[in-house]
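Chemist: My questions will all concern the structure given below.
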Amino acid sequence: MHVEPYSRLVSLPIHAENIFHFPEGLPAFEHLKEFVFVHKPDLSPFVFMHALEPADLSFVCVDPFLINAAYRPSISEADVGFLRIKSPSEILLLSIVTVAKDVRQTTANLQGPIAINIQACMGKQIICENQHYPIRYKIWDALEAVSRQNAPESIGAAKAEVAIAS
């Protein structure tokens, strides 16, 4: 048997309907416009936001409502228009995670979440204007609490609320 370097990587087909377009890219990565999201159950609750080009670049993300039950971001009218959002049910929010050597120091950006219009397959990193959420929110304790309770309604998605400008 011959094992190539990076043999742990798996090539999966990407369908056009699973590609999310970010017209402005991401801050510091403005040249990256197209991403796919990959969820690996064994790494839950994390989701990977993979760039199509270069294929070796990805961001670790997490549902911000899962790690902070009090999270109530407001999306500006300009961002609502940009993303063509008609109702809060079209929005998926994810926070980019910075993984630290000491996992207990791993943080998520709650001030600048990724907002995704699921219907239009487009996204943008937004800023929660006039709100003061941490850019480096430590997530370890929140994830431990979710794991201990092992109940979806205990923290997160059941309480998820996003305010959009009308």
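The values are calculated or read from the model by the stated rules, or taken from the named source; none is laboratory data. Note that the coordinates shown come from a computational prediction; the quantities given were computed from them, not determined experimentally. Cβ placement follows ideal geometry from the backbone for every residue including glycine, while neighbour counts extend to all protein chains displayed. Quick note on the areas: whole protein, heavy atoms, side chains included, nothing else; ligands and nucleic acids left out. Shrake-Rupley method; radii C 1.70, N 1.55, O 1.52, S 1.80 Å.
Chemist: From the list ARG148, ARG136, which one is farther than 28 Å from ARG84 by Cβ, modelled with pLDDT of 90 or more and open to solvent by 100 Å² or more (accessible area, probe 1.4 Å)? Steps first, please.
Modeler: Values: ARG148 fails: modelled with pLDDT of 90 or more.
Being farther than 28 Å from ARG84 by Cβ, modelled with pLDDT of 90 or more and open to solvent by 100 Å² or more (accessible area, probe 1.4 Å) holds for just one of ARG148, ARG136, which is ARG136.
Chemist: Out of contact with any helix residue (DSSP H, G or I) (no Cβ under 8 Å at 6 or more places or on another chain), open to solvent by 20 Å² or more (accessible area, probe 1.4 Å) and in contact (Cβ under 8 Å) with a residue 24 or more places away in the chain: does that describe ARG104? Talk me through it step by step, then tell me what you get.
Modeler: Numbers: out of contact with any helix residue (DSSP H, G or I) (no Cβ under 8 Å at 6 or more places or on another chain): no; open to solvent by 20 Å² or more (accessible area, probe 1.4 Å): yes; in contact (Cβ under 8 Å) with a residue 24 or more places away in the chain: yes.
For ARG104, the condition - out of contact with any helix residue (DSSP H, G or I) (no Cβ under 8 Å at 6 or more places or on another chain), open to solvent by 20 Å² or more (accessible area, probe 1.4 Å) and in contact (Cβ under 8 Å) with a residue 24 or more places away in the chain - is not met.
Chemist: If you go through the stretch 36-86 one residue at a time, how many are of a type outside the set (A, V, I, L, M, F, W, C) and either in a strand (DSSP E or B) or open to solvent by less than 40 Å² (accessible area, probe 1.4 Å) (or both)?
Modeler: Initially, the stretch 36-86 is screened for residues of a type outside the set (A, V, I, L, M, F, W, C), giving 39-42, 44-45, 50, 53-54, 56, 58, 63-64, 68, 71-74, 76-77, 79, 81, 84, 86.
Adding the requirement that they be either in a strand (DSSP E or B) or open to solvent by less than 40 Å² (accessible area, probe 1.4 Å) (or both) leaves 39, 45, 50, 58, 64, 68, 71, 73-74, 76, 79.
So the answer is 11.
Chemist: Quick check on the stretch 87-100: of everything there that is touching a residue at least 12 places away in the same chain (Cβ under 8 Å) and open to solvent by 40 Å² or more (accessible area, probe 1.4 Å), which residue is farthest from PHE20 (Cα to Cα)?
Modeler: Among those residues, the one meeting the criterion is VAL99.
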